[in-house]
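What follows is calculated from the coordinates using simple rules that are stated; it is not laboratory data. Keep in mind the model is a prediction, meaning the values are calculated, not measured. Using ideal geometry, Cβ is built from the backbone for each residue, glycine included, and neighbour counts are taken over all protein chains shown.
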Amino acid sequence: MIWPRGFVAAASFWNYNSLADPRSATFVQSINALNDQLQARGSLVCPTNCSCDYLTACGKPYLKLAPAKEGDALTMAVRRARAA
């Protein structure tokens, strides 16, 4: 998975420009365009205008977890927390 901030870091190491403003619309558009180009080439990227983290992309989990069953450690921990 390639993260947009990784693009910015790599570009700053490769071709540093002290005049670049990361808050400008032009800068954001260029990062989004690069992201879209990489996605079109088949790279796994966080989709443009989406929030991704280690567990989810665009608010959807990467893995679908099986529901907890009675007696599972997580179920017991939640029950203890609610009882307290």
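Size check on the range 4-83: the Cα extents along the three principal axes, sorted descending, read 57, 28, 21 Å.
For the pair Ala40 and Ala20, label points projected 7 Å from Cα toward Cβ lie 2.0 nm apart.
Using +1 at the C-beta of Lys and Arg and -1 at the C-beta of Asp and Glu, which of Ala57, Phe13, Gln37 has the Cα lying farthest in the positive direction of the dipole of the range 4-83? Most positive-ward Cα: Ala57. With both labels modelled 7 Å from their Cα along Cα-to-Cβ, the Leu55 to Ala11 distance reads 3.1 nm.
Among the trypsin sites (Lys or Arg not before Pro) in the range 1-45, those located in a DSSP loop and surrounded by at most 10 other Cβ atoms within 10 Å of their own Cβ are Arg23, Arg41.
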